[in-house]
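The values are calculated or read from the model by the stated rules, or taken from the named source; none is laboratory data. If you're wondering where the values come from, they're calculated on a predicted model, not measured in any experiment. Quick reminder, even Gly has a Cβ in these numbers, built from the backbone with ideal geometry, and neighbours come from all protein chains shown. Note: areas computed on protein heavy atoms with side chains; ligands, DNA, RNA excluded. Shrake-Rupley method; radii C 1.70, N 1.55, O 1.52, S 1.80 Å.
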Amino acid sequence: MNLRKIKEGKAEIFIPDPKDYEKQGKFDPSWAPVFYNPKMVFNRDLSVIAVSVISPKKIVDALSASGIRGIRYQIESSSSSEVIFNDKNPRSVDLIKKNVEINDIHDATITNKDANSILFEIISDFVDIDPFGSPSPFILSSINATKNNGYVAYTATDLSPLEGRAVKSCKRKYDVQNIKLSFSKEIGIRVLISKIIREASILEKTAIPVLSFYHDYYYRIFMKVMRGARKADENLENLGYAIECDKCGFSSITKEMISKCPICGNNLKIVSRIWTGQLNDQDFLVKINERLANFKYLANYTNIQNLISKLIIENKYVTNYINLEFVASRYRTNVPSRSKMIECLSDATETHFDPKGIKTNKNFDEIIECIKKI
Ligand code: SAM
């Protein structure tokens, strides 16, 4: 394998030379013998900051590929951490060894196992699961490997099932009865959290999201894991439903199962069962915001600053977002501009999930009044 040296954050690593597969007309990094995706730099940059807030002593980078994540966590987030790098691809493992060496990482263990095997052998205070597609096959084992009050992070790129476009796949992978709604970008992450909580409860553990966001073509989520059957039972009570009425545009995220629209009596579309709680922990967001000043060198510094500022405001709204295009179409009016709607409602904000979405604590009648007025 021909190699090329690249710099990301403060790390310098070797990756397979993209020219080798590009000259065969293949342009996706999944064709490389070891995976490295430059489109995930935002994910890794923000994760480096989040891990610096967590400050773990032992990190497991369970699906390492080139080793870039674990190396960056060691160099940029938490230099006193021990890092376990793992990948089932032997060529990855050879490259991780090289990359660990050139970055002078001393406290490293590199294993060539199935992630589900190593995650049932060890305990750690931070586990990173960054798979191809769905993280579902690794949820139970990663929760098992995370100690009490530790953290686990997941990337999910399988947006079709999560956003209700591949209903059977969602049922298979997440055991959620999904359907496409106007605010499915938010529902997707709630489906993933629901699955994590249900898997954790098998182990008499539970988890709450401290950072979750949608970016580009993936979800990324950091969960705090806690032990205890009672805590698990209590948190399962926070699972519920996303509902939407196709006739009048009413929507909600609710713990109660209702089948008829409370506004017009029409049959509702229902997604069952999803996380109904907060998507982010305000303290965790504020800590990330405070840490940002140490990370001005990051390629995505400004974009991360923008996202975290949005999440801090968005997190104060406990409702789902309103898709203005969808609701306006129910009343045959023009789609109001987002800024005018926010001004009209006064208690409202943008959502990072959707450029056509707003979050508000105002009730449905007030939303419709503004849509008609603008
Ligand atoms: N975390 C990496 C990064 O930030 O660049 C990218 C990881 S890549 C998306 C997924 C990796 O998981 C691949 O290197 C693949 O070989 C590895 N993998 C897939 N299934 C696995 C399994 N069951 N156990 C261990 N590694 C696995």
Having 2 or more residues that are closer than 30 Å to PHE284 by Cα and touching a helix residue (DSSP H, G or I) at 6+ places or on another chain (Cβ under 8 Å) is the bar; report the helices (runs of 4 or more DSSP H) wholly within the range 307-374 that clear it.
338-345
Go over the candidates SER182, SER201 one by one and state the one that is more than 12 Å from the chain's Cα centre (by Cα) and outside any helix (DSSP H, G or I).
SER182
Return the pairs, sorted by first residue and then second, in which the second residue is within 10 Å of the ligand (Cβ to nearest atom) and in a loop (DSSP other than H, G, I, E, B), the first residue lies in the range 34-56 and is touching a residue at least 40 places away in the same chain (Cβ under 8 Å) and under 21 Å from ASN89 (Cα atoms), the beta carbons are less than 7 Å apart, and the residues are 6+ apart or on different chains.
VAL34/ALA65; VAL34/SER66; VAL34/ASN89; PHE35/ALA65
In the range 17-50, residue farthest from the ligand (Cβ to nearest atom) [restricted to those that are polar (S, T, N, Q) and more than 22 Å from ILE84 (Cα to Cα)]:
GLN24
Residue under question is GLU101, and the condition is that it be assigned to a helix (DSSP H, G or I), open to solvent by 60 Å² or more (accessible area, probe 1.4 Å) and under 22 Å from VAL41 (Cα atoms); does it hold?
yes
Would you say VAL53 is modelled with pLDDT of 95 or more, near the ligand (Cβ under 10 Å from one of its atoms) and more than 21 Å from PHE138 (Cβ to Cβ)?
no
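Among the residues of the range 65-105, count how many are basic (Lys, Arg), more than 10 Å from the ligand (Cβ to nearest atom) and in contact (Cβ under 8 Å) with a residue 60 or more places away in the chain. Steps first, answer last, please.
The initial filter retains those residues of the range 65-105 that are basic (Lys, Arg), namely 69, 72, 88, 91, 97-98.
Still in the running and more than 10 Å from the ligand (Cβ to nearest atom): 97-98.
Within this subset, residues satisfying the condition of being in contact (Cβ under 8 Å) with a residue 60 or more places away in the chain are 98.
Adding up the residues that qualify gives 1.
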Search result, residues across the range 277-306 that are touching a Ser or Thr at 6+ places or on another chain (Cβ under 7 Å) and in a loop (DSSP other than H, G, I, E, B)
LEU279, ASN280
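Considering only the range 320-363, how many residues are of a type in the set (A, V, I, L, M, F, W, C) and open to solvent by less than 20 Å² (accessible area, probe 1.4 Å)?
Let us first name the residues in the range 320-363 that are of a type in the set (A, V, I, L, M, F, W, C), namely 322, 324, 326-328, 335, 341-342, 344-345, 348, 353, 358.
Checking which are open to solvent by less than 20 Å² (accessible area, probe 1.4 Å) leaves us with 322, 324, 327-328, 341, 345, 348, 353, 358.
Number satisfying all stated conditions: 9.
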Within the range 106-179, considering only strands (runs of 3 or more DSSP E) that don't extend past its boundaries, which have at least 2 residues that are open to solvent by 20 Å² or more (accessible area, probe 1.4 Å) and more than 12 Å from the ligand (Cβ to nearest atom)?
108-111, 146-156
Residue list for the range 1-17, restricted to those being of a type outside the set (Asp, Glu), in contact with a strand residue (DSSP E or B) (Cβ under 7 Å, 6 or more places away or on another chain) and within 18 Å of VAL41 (Cα to Cα)
ARG4, LYS5, ILE6, ILE13, PHE14, ILE15, PRO16
Of the residues ILE179, ILE202, only one is in contact with a helix residue (DSSP H, G or I) (Cβ under 8 Å, 6 or more places away or on another chain), of a type in the set (A, V, I, L, M, F, W, C) and over 28 Å from SER252 (Cβ atoms); which?
ILE202
Which one of these is at pLDDT 95 or above and farther than 29 Å from GLN305 by Cα: ASP158, ASP61, ASP114?
ASP114
Could you list, ordered by first residue, the pairs with Cβ atoms under 6 Å in which the first is in the range 257-280 and within 22 Å of GLU163 (Cβ to Cβ) and the second is loosely packed, with under 15 Cβ neighbours inside 10 Å and of a type outside the set (S, T, N, Q), at least 6 apart or interchain?
THR276/LYS255
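What do you reckon, is LYS185 more than 20 Å from SER64 (Cβ to Cβ), away from the ligand (no atom under 16 Å from the Cβ) and free of Cβ contacts under 8 Å to residues at least 40 places away in the same chain?
Values: more than 20 Å from SER64 (Cβ to Cβ): yes; away from the ligand (no atom under 16 Å from the Cβ): yes; free of Cβ contacts under 8 Å to residues at least 40 places away in the same chain: no.
Taking the combined requirement at face value, the residue does not satisfy it.
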